[in-house]
Amino acid sequence: MGLRKIIHVDMDAFFASVEQRDNPELRGKPVAVGGSGGRGVVAAASYEARTFGVRSAMPSVTAKRLCPDLIFVRHRFDAYKEASRQIRAIFKHHTDLVEPLSLDEAYLDVTSDRLGIGSATRIAELIRQEIRAKTKLTASAGVSYNKFLAKLASDQNKPDGMCVIRPGQGAQFVADLPVRRFHGVGPKGAEKMAKLGIATGADLAAKDLDFLKANFGSFADYLYRAARGIDLRPVKPNRIRKSLGGERTYSEDISSGPALREALDTIIDIVWDRIEAAQMNGKPPRGRTVTLKMKYNDFKNVTRAHSVDHWIETKPEFAQIGRDLLEELLPLPKPIRLMGLTLSNLDRGKDAAKAPSRDDAQLSLL
């Protein structure tokens, strides 16, 4: 097949940057998108805020304590969607092989680009220039020969930067990275690896597959390949998803009903944004099962799911099902550190006009 030419484009502090673009008074100041109340949660933070340690999913009271001058603004998803639409059009100008991950992030395969430019590096430069000119926003890009490396590269020189990992450089690039940079390796995973003497990609590559399977189970195959800079996944513009969702880990545990409800509302906004971004045949996917996931502060998980006998096509219905699932669990026996919401049993585009039967919907819970 030969080597692919892959670009990963990631907008810089997207929600916060749109707010700073549209309100000149916010430019150059620490900004957080989200609720400012005692039970609010940061959905996004500008780079000025990040220098103080403010991060997404952080309780607003913690963010304000870290950065007393932090300015909170309510989210405006219509503005973010419009900016995303413009950015997608720029991508499509160069290739039809665009795999969106969210409103502000996508993979592009430019092995055969539409304009015949030939150089993935040059195409990435042009895309970043076009985004700046048309949206007045900045983007970072990673260029490489597979998706894993391109995504790592896009994060290397943020914000408003670019990194190129050329053929033959992938394994060495990965070797120098801390394992926490590997997608899917969270704080607990990194802590476990540290106890096993694994701190960098080079340490990980030194372990054989049997060792990794013994310690990381089904995650071992991914780790083995990633430590060597290997990723054979193609860019899939019409990727069939089994589910769409999102979750947030909180730096401070939450337990009260009002705080949990506000946290869920933020996740509903974020997840529905991803649902609308993952369009197939010009329409967002539809599903019939909503699943609420929470992780207690002792790391035990609790999940609740509800299926309906019709397609869930509107945000209000999706939100109401999620809220009902939460209410069934209140009051919680202990605080949580993580919350997530997922829409699954997605419409695959076949028999779209025919809703699944109630029996089919119930089977999804088994």
> Treating the beta-carbon of each Lys and Arg as +1 and of each Asp and Glu as -1, no other charges, what is the dipole magnitude of the chain about its Cα centre, to the nearest 20 debye?
Replying inline: 460 debye
> Lys334 versus Ser256, label points 7 Å from Cα toward the beta carbon: distance in nm?
Replying inline: 2.2 nm
>> Nearest 500 deg cm²/dmol is fine: what mean residue ellipticity at 222 nm does the chain get from its DSSP H runs of n ≥ 4 alone, each adding -39,500 (n - 2.57), divided by its residue count?
In response: -11000 deg cm²/dmol
> Working out 0.36 nm times the residue gap between Thr303 and Arg225, then minus their Cα-Cα distance, what length gain in nm do you get to one decimal?
Replying inline: 25.0 nm
> Kirkwood-based Rg over Rh for the range 129-250 (C-alpha set), two decimals?
Replying inline: 1.01
> Sorting Ser255, Ser60 on the 10 Å Cβ count, fewest up front, what's the list?
Replying inline: Ser255, Ser60
> Given Gly35, Ala79, Ser46, which one lies farthest toward the positive end of the charge dipole of the range 28-107, if we put +1 on the Cβ of every Lys and Arg and -1 on the Cβ of every Asp and Glu?
Replying inline: Gly35
> Can you put Ser46, Ser112, Ser256 in order, fewest other beta carbons within 10 Å first?
Replying inline: Ser112, Ser256, Ser46
> Between Lys242 and Arg132, what is the FRET efficiency for a Förster distance of 30 Å, r being their Cβ-Cβ separation, to the nearest 0.05?
Replying inline: 0.25
>> Could you list Leu101, Leu209 so that the one with the fewest beta carbons within 10 Å of its beta carbon is first and the one with the most is last?
In response: Leu209, Leu101
> Counting alpha carbon pairs within less than 8 Å and at least 6 residues apart, what relative contact order, in whole percent, applies to the range 171-226?
Replying inline: 33 percent
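Give, rounded to the nearest 20 debye, the magnitude of the charge dipole that the range 15-77 has about its Cα centre when Lys and Arg contribute +1 at Cβ and Asp and Glu contribute -1 at Cβ.
Its charge dipole is roughly 160 debye.
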>> Pairs of alpha-carbon atoms within less than 8 angstrom and 6+ residues apart define the contacts here; what relative contact order does the range 4-133 have, in percent?
In response: 26 percent
> Under 14 Å Cα-Cα from Lys29, which aspartates and glutamates qualify once same-chain neighbours fewer than 8 residues away are excluded?
Replying inline: Glu19, Glu48, Asp69
> Rounded, prolate or oblate: which fits the range 4-134 when a ≥ b ≥ c are the square roots of the eigenvalues of the alpha-carbon gyration tensor, with rounded for a/c under 1.5 and prolate only if a/b beats b/c?
Replying inline: prolate
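Where in the chain are the helices, taken as whole DSSP H runs, whose Cα atoms extend 20 angstrom or more along the long axis and whose Kyte-Doolittle mean reaches at least 0.0?
Both cut-offs are met by 257-277.
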> Can you run phi through the Karplus equation (6.51, -1.76, 1.60; θ = phi - 60°) for the range 225-235 and list ³J(HN,Hα) in whole Hz, with x for Gly and Pro?
Replying inline: 5, 4, 5, 10, x, 9, 7, 9, 5, x, 6
>> Here is the link list: Lys134/Lys315; Lys134/Lys158; Lys136/Lys188; Lys195/Lys242; Lys151/Lys293. Which ones come out longer than 31 Å on Cα distance?
In response: Lys136/Lys188; Lys195/Lys242
> At what distance in nm do the modelled label points of Ala89 and Ser102 sit from each other, each positioned 7 Å from its Cα along Cα→Cβ?
Replying inline: 2.4 nm
> Dividing the Cα convex hull volume of the range 15-77 by residue count, how many Å³ per residue is that?
Replying inline: 67 Å³
>> If amide hydrogens are placed 1.01 Å from N in the peptide plane, which non-local residues have theirs closer than 5 Å to the one on Leu97?
In response: Asp109
> By its C-alpha gyration tensor, with a ≥ b ≥ c as the square roots of the eigenvalues, how is the chain shaped: rounded for a/c under 1.5, else prolate for a/b larger than b/c, else oblate?
Replying inline: rounded
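Here, each number is a calculation from the coordinates, and none is a lab measurement. The shown structure was predicted, so the numbers you read here are calculated from the model rather than taken from an experiment. All Cβ positions, even for glycine, are placed from backbone atoms using ideal geometry, and neighbour counts span all protein chains on display.
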